[in-house]
Amino acid sequence: MTQQPFRPGEASGDRAVAVGHNQGIVSTGDGAVIDNRTVRLPAEAVRGPAEVAAPPGLNNLPAPRSGVFVGREEDLARLDAATRAEAEAEADADAEAEADAEADGTVPVVVHGLGGMGKSTLALHYAHRHRDRYNPIWWIPAESAGTIGLGLAALAAHLNPYADLTAASGAEAAAWATTWLQAHDGWLLVFDDAAAPGDLAPLLGSLTTGRHLITSRRATGWHHLARPVALDTLTPDAALDLLMRITHSTDGDGAPELAELAAELGHLPLALEQAAAYIQHTALTPAAYLARLRRHPARMFATSADAMSAEAISADAASADASSAGADAAQQRTIARIWQLTLGAIGARDPLAVEILRTAAWFGPDDVPRDLAEALDDDPIAVDEALALLHAYSMITLTPRTFAVHRLVQAVARTPDPADPHRAADAIAGARRRAAELLAAALPEDPLFNVAGWPRWRELLPHIEAYAALTEPTAPDQDDEAIDRVLFEASAFVLGEGRTDRAIAFAERSVAASERLRGPDHPRTLSSRSYLASACRSAGDLDRATPLHERNLADCERILGPDHPDTLASRSNLAHLYALAGDPDRAAPLHERNLADYERTLGADHPHTLASRANLATVHRSAGDLDRALPLLQRNLADHERILGPDHPETLTTRSNLAYAYELAGDPDRAVPLHERVLADRERVLGSAHPHTELARDLLTRARAARP
């Protein structure tokens, strides 16, 4: 048979195709045209996907970048149970969808959490541990629909060595892989760092014969698609173990300092990894690293991974997100870099969300009241959507009444960085001012006597404490009227709670701020100084309290006049101090004058009048003059019950004082029932651990012991 010459533009056989000048690949069924040449393919090259078996042990898993993997065994067990679909569907809105997925034989699982939490590393170790269970195991970067398609095309190439010859495009190769997956079982696909649930929805719906494992910073949007598995920070013990292993420390070698460092970093795996790598690279002590972190946070957040890169330290620490293909540059894996990308995505959609995060960086990390964020915008729906967006990207944890922010997210958010448009110095300074204004606006009135406002005070106090601690280094220059008011009123509230150390700290700062803002003779400055003196007195520091009280009384009489309420309060405070110092001869005349002035200026039923009468009774009782003390205390208790109510803390204190006076008078039969009632009421109103409750318990024990 004579062979016919090949002519461009003519088919060479019954199953061939005609081409002109081809520069690619054209499949013919039995062969392919490659660069104008016909290549006959073997029969297996044109088999359908269902006919192709996966080579044994097929996977493209990157090797774990470190042998250090700690604190995640429980998370691996949860992941294993969820991936096997052995856990029962929870009775929530997703239960029906999950039950349907289980009936189909697969339950897609999404491991979600904050960037740097260790999601990819957890998935990587899970996949490596179960290489004997699944085949193939294929790791697919899922940042976009395009990267997912490329990952599937790569799978096709490994399943079918002729895929490059038979597929006209990457999309066709991805389609071939999808068909193969539909026709086979026992496989595991790991979709790493999924940015949008919608990119995976078509695949998850059509591939039901194997297993899907997804990692994502997105906490929401997975309903009806996958079962969520939230990943939290390491436990304190695991975080310490991680640092010690990477830095090659022993139990007695810097463990306390490493534990302090782990707590400062919020036990976040990537941050721990970066710190340990830097310490190892620079031969620093943990204490020295912590000092640098506190003094130069922006540089330390940005340079830790550079240290790893410089020494090729691949201590991805087991618990930080692994690179999807092991190719991330170390300098890309800093906390600041990861969250800058996330904030960029959030800010592009909703600038209010970034403003909320910057402002919340000045509060405590847990239980931030939602209404503080709601005060940032007049549109409550806009705030709802902004909070939901932050929650969706795992930057906050959202509940109906509060939200939480990881302490390291807060640290980065309040650290200026010229390279990050969301962390410009002016923007961060503005967020600091807004945080103070929000706290000031949220304070209940009258921290001393407004009992109904005390629960709100206890809700806000952790955030006042956090703001005060964070701004302490620059307080002399930056404290404004808003934070001065917060600290002034907070000193009064915590003093009532028995926390004299915090009351002194708040009052000292309030005095300094008020003197700078208003001058030393301003009435507001006098009030701050009065609170400071009272706090020192309550702490037992009479040497410091006495000159403060004496100066304040003289200043109030000079500036405000002898009948001003603040002058009367100053006189009362000084008299109380003299009584504590064991000098009733100086205390009693001041209290007697004050009681008369209060009755004349405010009336007999004013709370200040009642307090003044109680103070006078206490002086008489301390001096042993119970004949004068008891009538005053009995009248005062009746007036407190009538005016403030039987459960008011001041009423409980008055009842306790009367019980103690009966005890001193040798009348335990009247003292013990009152002490019993005080203890029961304080346990109910203040709680069993409150200092006043503990005092009531001690007084009752002593009164019972004194009974014959």
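Quick one: if you stick a label point 7 Å off each Cα along the C-beta vector at His564 and Ala706, how many nm between them?
According to this spin-label approximation, the distance is 4.2 nm.
State in Å² the accessible area per residue of the range 486-565; use a 1.4 Å probe, count heavy atoms of protein chains only, and round to the nearest integer.
39 Å²
Expected output is a single nm value to one decimal: the length gained when fully extending between Glu481 and Ala348, i.e. 0.36 nm times separation in residues minus the C-alpha distance. What is it?
Numbers: separation 133, 0.36 × 133 = 47.88 nm, distance 3.38 nm.
That pair, Glu481 and Ala348, stretches by 44.5 nm at full extension.
With a Förster radius of 51 Å, plug the Cβ-Cβ distance of Arg299 and Arg635 into 1/(1 + (r/R0)^6) and report the FRET value to the nearest 0.05.
0.15
With every protein chain kept in place and ligands, DNA and RNA left out, what is the accessible area per residue of the range 236-303? Probe 1.4 Å, answer in Å².
Result: 44 Å² of accessible area for each residue.
Can you compute the modelled spin-label distance between Ala77 and His224, with each label point 7 Å from Cα toward Cβ, in nm?
Going from the Ala77 label point to the His224 one covers 3.5 nm.
The values are calculated or read from the model by the stated rules, or taken from the named source; none is laboratory data. On a predicted model such as this, the values are computed, not experimentally measured, just so you know. All Cβ positions, even for glycine, are placed from backbone atoms using ideal geometry, and neighbour counts span all protein chains on display. These area figures cover heavy atoms from the full protein model, side chains too; ligands, DNA and RNA do not enter into them. Shrake-Rupley method; radii C 1.70, N 1.55, O 1.52, S 1.80 Å.
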